[in-house]
Amino acid sequence: MTEIERLKKLVKGKNTAQKVVLRASIILRYKEGKNKVTIAKEVSTSRPTVDLWIRRYKEEGIIGLLKDASRPGRKPKIDQEKENKIVEATLHTKPRAATHWSTRTLAAEHGVSKMTIQRVWKKYNLRPHLVKKFKISNDPKFVEKVTDVVGLYLNPPDKALVFCVDEKSQIQALDRTQPSLPMKKGRAGTMTHDYKRHGTTSLFAALNTLEGKVIGECYSKHTHKEFISFLNLIDKQTPKDKDLHLIMDNYGTHKTESVKRWLEKHPRFNFHFIPTSSSWLNMVERFFGVITDKRIRRGVFRSVKELETAIRDFLQAHNEKPKIFKWTKDAETIMANVMKCKEALVAVH
């Protein structure tokens with residue numbers, strides 16, 4: 001295909017951008033020997049535009065017609081030294097009467113606009129208004145426990161089931177003081193900020209890490225008696241020929257003498273304790289987050305009975321289509337991250 005044919009194809013192409021059609025039309029007329037003034041009149045553009053695209057064609061050929069010339073970016077309103085000072089102040093200083101900087105307070109401090117502060121924070125991914133909860137476990141057997149629990153997640157034993165067990169205690173049956181308004185187009189649903197308390201319940205849950213199903217029951221208390229009752233429920237609802245490995249926290253009711261005696265009579269049960277201050281290592285916490293978000297937080301319950309019925313209905317629906325929570329990080333990766341956190345704490349303090 002000749003160059004003239006390629007230019008005509010661009011002009012007649014249905015999917016060709018109009019700016020490219022204009023450029024190709026200019027070059028076609030130029031190749032026909034027409035002068036630049038005539039070309040500008042025929043394609044309804046200016047003489048400088050004709051000069052520009054003829055020059056670009058001579059330098060780059062047809063490829064030059066298909067792309068816009070690169071343009072220099074907007075010149076920064078502050079120099080690098082000023083930008084560094086803003087970053088340094090954000091990271092290592094605080095305003096006189098507050099815990100952290102806002103765009104306005106830091107802008108006033110450095111004599112720039114709040115939009116400038118926003119751009120710098122966005123560039124360096126700084127978010128002073130956010131803070132995440134964080135705590136490093138001081139458990140003397142931290143490495144041993146992490147290795148044990150993560151090993152159960154990633155390489156569960158044969159002919160055994162692994163359960164993550166915990167209690168979501170003191171779930172409140174809350175009734176709103178006024179009826180809520182339903183969601184409609186252009187308006188979110190409403191709910192009053194105040195409420196009436198109608199008592200509490202505690203949800204004992206055991207998450208099957210292989211299937212995602214949850215064995216759950218509500219109790220008015222969460223002492224060792226209720227815990228043993230729940231263990232009996234797990235015993236009843238699991239195959240007798242399977243060993244059971246239960247991952248749980250260090251709550252006192254899990255280690256009482258009554259529980260130890262119960263374990264002696266049920267040798268297929270094996271307890272594995274996560275390190276202290278490491279609830280993130282227990283996957284049943286993921287399930288607690290789901291049920292809180294989807295059923296409890298926005299629910300209206302006029303009695304504990306209503307609350308417990310709602311929880312049981314949610315458990316039944318969940319188990320009909322269980323969600324499997326997969327653990328992905330090995331113990332070595334976790335330990336490496338923990339060491340980085342410890343080093344950071346030492347550096348700060």
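Computed values, structure above
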read-out: Which listed residue is surrounded by 13 or more Cβ atoms within 10 Å (Cβ to Cβ), of a type outside the set (S, T, N, Q) and touching a helix residue (DSSP H, G or I) at 6+ places or on another chain (Cβ under 6 Å), from 228, 234; value: 228
read-out: The range 153-207, residues that are assigned to a strand (DSSP E or B) and either touching a Pro at 6+ places or on another chain (Cβ under 8 Å) or of a type in the set (A, V, I, L, M) (or both); value: 160, 161, 162, 165, 171, 173, 174, 203, 205, 206, 207
read-out: Test: residue 135 is in the same structural domain as residue 329 (by TED's automatic domain parsing), of a type in the set (Lys, Arg), within 30 Å of residue 275 (Cα to Cα) and in contact (Cβ under 8 Å) with a residue 12 or more places away in the chain; value: no
read-out: Residue selected from the range 157-182 under the condition without any contact (Cβ under 8 Å) to a residue 40 or more places away in the chain and over 29 Å from the mean Cα position of the chain (by Cα), by the criterion nearest to residue 213 (Cα to Cα); value: 158
read-out: Output for the range 249-281, where each listed residue is within 27 Å of residue 134 (Cβ to Cβ) and in contact with an Asp or Glu (Cβ under 6 Å, 6 or more places away or on another chain); value: 272, 274, 275, 276, 279
read-out: Within the range 229-262, tally of residues that are within 35 Å of the chain's Cα centre (by Cα), in a helix (DSSP H, G or I) and within 22 Å of residue 275 (Cα to Cα); value: 4
read-out: Lone unmet requirement of (1) farther than 20 Å from residue 249 by Cα; (2) in contact (Cβ under 8 Å) with a residue 40 or more places away in the chain; (3) not polar (S, T, N, Q) for residue 127; value: (2)
read-out: All positions within the range 32-71 that are of a type in the set (Lys, Arg) and in contact with a Phe, Trp or Tyr (Cβ under 9 Å, 6 or more places away or on another chain); value: 36
read-out: Selected residue (only one of 215, 228, 234 is under 21 Å from residue 258 (Cα atoms), touching a Leu at 6+ places or on another chain (Cβ under 8 Å) and β-branched (Val, Ile, Thr)); value: 234
read-out: Test for residue 7: is it of a type in the set (A, V, I, L, M, F, W, C), in a helix (DSSP H, G or I) and surrounded by fewer than 15 Cβ atoms within 10 Å (Cβ to Cβ); value: no
read-out: Test: residue in the range 304-318 that is touching a Leu at 6+ places or on another chain (Cβ under 8 Å) and either among the basic types (Lys, Arg) or surrounded by 15 or more Cβ atoms within 10 Å (Cβ to Cβ) (or both); value: yes
read-out: Test for residue 333: is it surrounded by fewer than 11 Cβ atoms within 10 Å (Cβ to Cβ), among the polar types (S, T, N, Q) and within 24 Å of the chain's Cα centre (by Cα); value: no
read-out: Subset tally (residues that are part of a helix (DSSP H, G or I), free of Cβ contacts under 8 Å to residues at least 24 places away in the same chain and closer than 16 Å to residue 130 by Cβ) for the range 90-119; value: 3
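The values are calculated or read from the model by the stated rules, or taken from the named source; none is laboratory data. Owing to the predicted nature of the structure, the values given are computational and were not obtained by experimental measurement. Counting neighbours? That spans all protein chains shown, and the Cβs are built from the backbone with ideal geometry, glycine included.
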